[in-house]
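J.: Shown below is the structure under consideration.
The values are calculated or read from the model by the stated rules, or taken from the named source; none is laboratory data. Because the structure is predicted, anything quoted here is derived from the model rather than measured. Virtual Cβ from ideal backbone geometry, glycine too; neighbours counted across all protein chains shown.
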Amino acid sequence: MLWAEAQDKALAGDLVNGYAFFGHPSMSTSIFAPRIDSSFLLTPPGEKLSLALKKGDWLPGYGHMEFLFSDMMLYWPGDYVFGLVRTPGVYDLSWHGGKSGLFLTRSFAKVIIHAGKEDQNAQNVQESPGTWDAGFPLEILPERTPYDVKAMEDLELKVKYLGRPMKASYYASYWAWDENGDPRVQRGTTDEDGSFSVNLNRGGMWIIDASITQEESGTLIAEDTRKFYKAGDVLEYKTIQVKTELTIWVR
């Protein structure tokens with residue numbers, strides 16, 4: 001999976017880092033730097049600031065691994081969105097023992113960051129609520145401030161596709177769990193209006209995923225060599241999977 005990380009609470013004027021990862025959060029040896037088409041910061045006044053990502057190769061708590069990161073200045077009080085758009089790729093479940101069928105993946109990820117006032121008694125600066133919609137085709141929108149969620153609380157969310165409520169598959173996984181096989185991962189299908197609820201039953205990082213599958217065929221020319229194909233190969237897919245991730249830090 002593609003996911004984003006950032007300090008979700010800071011003060012206006014702080015410089016924070018935004019991180020881009022691809023792989024499995026529970027296995028640091030599986031994580032590498034994703035190919036990113038777009039990385040940006042949405043500000044409380046509504047600006048969309050493009051970010052230049054740099055490559056790193058070591059992080060405390062993870063160790064030796066590849067990732068991307070960028071410095072982000074939180075000039076104004078209010079809510080920001082750090083967003084990532086991954087370069088489309090292909091995948092086939094048969095590569096790891098599943099049912100055969102090549103599909104295209106379109107992946108998006110975001111973190112919501114709140115910048116508080118440096119002077120909490122200041123009356124002349126109003127905090128903007130900002131927007132939690134990153135402008136992705138597929139969005140996960142929390143019903144309340146995600147950076148205030150406490151352990152054991154439920155969080156209601158809604159999925160939208162191209163701005164409209166959409167029924168989708170979802171899961172919520174704690175960072176230390178195998179999101180594909182751990183029975184503690186909360187999985188389901190949203191209501192018809194895209195609504196769903198998860199119980200964030202422990203403190204730490206959670207990743208909430210929503211996905212839809214579209215019947216649409218096409219071809220992708222491989223730009224690099226992997227275990228199952230080489231650069232220049234024409235890869236034919238029958239379906240497209242659109243995935244979006246929201247990272248939440250639970251107190």
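J.: Can you find even one residue in region 50-58 that is surrounded by 15 or more Cβ atoms within 10 Å (Cβ to Cβ), more than 14 Å from the chain's Cα centre (by Cα) and either within 15 Å of Val111 (Cα to Cα) or basic (Lys, Arg) (or both)?
T.: Yes, region 50-58 contains a residue that is surrounded by 15 or more Cβ atoms within 10 Å (Cβ to Cβ), more than 14 Å from the chain's Cα centre (by Cα) and either within 15 Å of Val111 (Cα to Cα) or basic (Lys, Arg) (or both).
J.: Further question: Check off (1) within 22 Å of Ala109 (Cα to Cα); (2) in contact with a Gly (Cβ under 7 Å, 6 or more places away or on another chain) for Lys238 and give me the number that stays unchecked.
T.: Condition not satisfied by Lys238: (1).
J.: Continuing with this model, one more query. Checking the structure you have, find out if any residue of region 175-193 is closer than 16 Å to Lys158 by Cβ, in contact (Cβ under 8 Å) with a residue 24 or more places away in the chain and in contact with a Pro (Cβ under 7 Å, 6 or more places away or on another chain).
T.: Looking for residues that are closer than 16 Å to Lys158 by Cβ, in contact (Cβ under 8 Å) with a residue 24 or more places away in the chain and in contact with a Pro (Cβ under 7 Å, 6 or more places away or on another chain), one finds at least one in region 175-193, hence yes.
J.: Same structure again: Restricting to region 30-73, name every residue that is small (Gly, Ala, Ser) and in contact (Cβ under 8 Å) with a residue 40 or more places away in the chain.
T.: Answer for region 30-73, where residues must be small (Gly, Ala, Ser) and in contact (Cβ under 8 Å) with a residue 40 or more places away in the chain: Ser38, Ser39, Gly46, Ser70.
J.: Against the definition (surrounded by fewer than 16 Cβ atoms within 10 Å (Cβ to Cβ) and over 25 Å from Phe82 (Cβ atoms)), how does Ala151 come out, yes or no?
T.: Numbers: surrounded by fewer than 16 Cβ atoms within 10 Å (Cβ to Cβ): yes; over 25 Å from Phe82 (Cβ atoms): no.
Criteria not met by Ala151.
J.: Another question, then. So which residues in region 186-215 are in a loop (DSSP other than H, G, I, E, B) and either surrounded by fewer than 16 Cβ atoms within 10 Å (Cβ to Cβ) or modelled with pLDDT under 95 (or both)?
T.: Asp191, Glu192, Asp193, Asn201, Arg202, Gly203
J.: Another question about this same structure. Among the listed residues Gly98, Gly78, which satisfies the condition of being in contact with an Asp or Glu (Cβ under 9 Å, 6 or more places away or on another chain), of a type in the set (Gly, Ala, Ser) and closer than 22 Å to Ser39 by Cβ?
T.: Gly78
J.: Next question, about the same structure. Looking at region 167-183 only, could you name the residues that are of a type outside the set (D, E, K, R), farther than 12 Å from Arg202 by Cβ, under 18 Å from the mean Cα position of the chain (by Cα) and outside any strand (DSSP E or B)?
T.: Scanning region 167-183 gives Ala168, Asn180.
A quick yes/no check of all residues on (1) modelled with pLDDT of 95 or more; (2) part of a loop (DSSP other than H, G, I, E, B); (3) under 16 Å from Lys243 (Cα atoms):
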{"site": "Gly98", "(1), (2), (3)": "no, yes, no"}
{"site": "Val111", "(1), (2), (3)": "yes, no, yes"}
{"site": "Ala134", "(1), (2), (3)": "yes, yes, yes"}
{"site": "Leu141", "(1), (2), (3)": "yes, no, yes"}
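J.: Here is a follow-up. Can you tell me which residue in region 6-35 is farthest from the chain's Cα centre (by Cα), limited to those that are in a strand (DSSP E or B) and aliphatic (A, V, I, L, M)? Write out each step before concluding.
T.: Pass one, region 6-35, residues in a strand (DSSP E or B): 6, 9-11, 15-22, 32.
With the extra rule that they be aliphatic (A, V, I, L, M), the set shrinks to 6, 10-11, 15-16, 20.
Values: Ala6: 11, Ala10: 20, Leu11: 23, Leu15: 21, Val16: 17, Ala20: 9 Å.
Here the answer is Leu11.
J.: Can I ask one more? Considering only residues that are at pLDDT 95 or above, part of a strand (DSSP E or B) and among the β-branched types (Val, Ile, Thr), look in region 36-93 and name the one that is nearest to Glu216 (Cα to Cα).
T.: Selected residue: Val85.
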